[in-house]
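In what follows, a single structure is set out as structure tokens and then discussed.
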Amino acid sequence: MRFGFVGPSYTAKSGAIADEECINFYPESNESGNPLDQEQAYGGREYQTLKSYLWTPGTTVFSALPDGPTRGSCWTGTRLFFVSGADFIELKSDGTQTVRGSVSNDGNAASLTWSNVQVLIVSGGRCYCYTLATNVLVEVTSQLAGTPIQAAYSDGFFIVSFLNSNKFQISNILDGTTWNSIFVNAVSVFPDTITSIIVNHRELWVFGNQHCQPYQDTGSANIFDVIPGALIENGCAATFSPARLDNSVFWIGQDERGAMVAWRSNGYTPQRISTHAVEVDLSSQAGASSIVSYSYQDSGHLFWVLYIPGAQWSWVYDVSEGLWHKRAFWVAASATYEAHRSWNHVYAFGKHLVGDWASGNVYEMTQSTYTDNGSVIRRLRRSPTGLNEMNRVYLLDLRVNMNTGNGPQPPLTDGAGNPRAPQVMLRVSRDGGSTWGNQHVRPCGFAGEYGTFVRFQRLGYGRRPVFELSVTDPIPWAIVDAYLDVENAQ
């Protein structure tokens, strides 16, 4: 029988409720419409589209920048820029670097935005403007009404928000080097200080701690004015959490009732997209208020990636599937996970390029790479708890339907230097994930051995069995499903 092996990450407050994990895999629906790829609902005529697991992308170094971390990036359509450490650097299509100037470095994320003539950088509490035609970087902090924390661009104007302030300031039109004090706007529709700003569909969304107010360019003396009736009774918990994706704004919210819920805009109405499991985890993370997010599209999937400083993983929401999974970097020396080595993204030169929060590396991220900068990617799925009305069952057989025969050429080798096939590892818990048995290993076939059958037998007895499958070999892993055969124990 199928038992829901393919699914999202969902670890509830109590492991007795749910303790599912999906790390470095993501589910994908089969959209072929072929009944052979669907399951008929019991006793009815409706069909349920099946989901399978695909491997998350690996990374290779596109360019190793001299200082780190790689704190922000932007792609103007023709030119690529990164802020790494204290350097403002331009990269060519081959990764060649040119340092264009220096910026203040506080180790936190930098905010970059651009027009067709300039790039504006807010970094370390200071603001800089880079003119594309002259390659000149100038600091403009002294013209601002406060300590800048974030930048945005709309309708020919640059906009900056300030630390511990309810004000934002607007540049002269088409000129990020000139900031007039008369273009300082104070938010009056809510009493909060501004936590974040983002432009979506030419509207300036100004987030406070407990509210959000969209503004539009009306051509008045204030330039940007409140959109009547658009006040959102939900604020932003992390300055760099908002991102644009799927024609919406996504963010980590908070209000007077609490925080750490993930939202997406539906017009001016927030729509909750996080699960209780995501919310429990975010609320437990010390670095959640410093979340940095980015979005990207790959193979038809729209991903929203949340980097949480100090966490063991990054949360990823797949808009196409409506499901959450985790991505993590495997630290082999300590046999532990840490957050995925990315916290900003640009799509430039036809490549997905991400900056590393731990170094000056800029990585190309692609599904044709099966390691993280040469390090093993450990992919793991922990299944839902199998229940048969709490009856004790004998676990006769677990069959895993997966792509086999994908071993590399030349083949992998074992510790003695002998050729070996890629392997899948299984651990079984018989008590809902509280304790685990020994690891079972099965081969997945040398190159061309497509008929290899992955099967685990005689796995013991249990009332609440959980299966944890993991793989580490550098090949494209895909899991269609898993099937369990049990027998009631006497």
Flagged in region 52-93 as under 12 Å from V354 (Cβ atoms), hydroxyl-bearing (S, T, Y) and within 17 Å of the chain's Cα centre (by Cα), in numbering order, are T59, T70, S73
Within the set of pairs 6 or more residues apart or between chains, which connect a residue that is in a strand (DSSP E or B) inside region 7-23 to a residue that is crowded, with 20+ Cβ neighbours inside 10 Å and charged (D, E, K, R) with Cβ atoms less than 6 Å apart? Y10/E20; T11/D19; E20/R382; E21/R382; C22/R381; I23/K326
Of all residues in region 244-260 being aliphatic (A, V, I, L, M) and surrounded by 22 or more Cβ atoms within 10 Å (Cβ to Cβ), which is nearest to A152 (Cα to Cα)? V249
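For region 104-128, enumerate the residues that are of a type outside the set (S, T, N, Q) and surrounded by fewer than 22 Cβ atoms within 10 Å (Cβ to Cβ). Don't jump to the end; show me each part of the working.
Within region 104-128, the first condition is being of a type outside the set (S, T, N, Q), and the residues that meet it are 106-107, 109-110, 112, 114, 117, 119-122, 124-128.
D106, G107, W114, V117, G124, G125, R126, listed by residue number.
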If you take the residues of region 204-235 that are free of Cβ contacts under 8 Å to residues at least 40 places away in the same chain and not in a loop (DSSP other than H, G, I, E, B), which of them is surrounded by the most Cβ atoms within 10 Å (Cβ to Cβ)? C212
Mind checking which pairs have a first residue in region 244-266 that is within 18 Å of P191 (Cβ to Cβ) and touching a residue at least 40 places away in the same chain (Cβ under 8 Å) and a second that is surrounded by fewer than 16 Cβ atoms within 10 Å (Cβ to Cβ) and of a type in the set (D, E), Cβ under 8 Å, 6 or more apart or different chains? D255/E233
Answer yes if at least one residue in region 79-92 is under 26 Å from S181 (Cβ atoms) and of a type in the set (S, T, Y), and no otherwise. no
Counting only residues that are free of Cβ contacts under 8 Å to residues at least 24 places away in the same chain, of a type in the set (A, V, I, L, M, F, W, C) and not assigned by TED's automatic domain parsing to the domain that holds Y337, give me the strands (runs of 3 or more DSSP E) lying completely in region 377-490 with at least 1 of them. 440-443
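The values are calculated or read from the model by the stated rules, or taken from the named source; none is laboratory data. Bear in mind that the values here come from a model prediction, so they are computed numbers and not experimental data. Every residue, glycine as well, gets a Cβ built from its backbone with ideal geometry; the counts of neighbours run over all protein chains shown.
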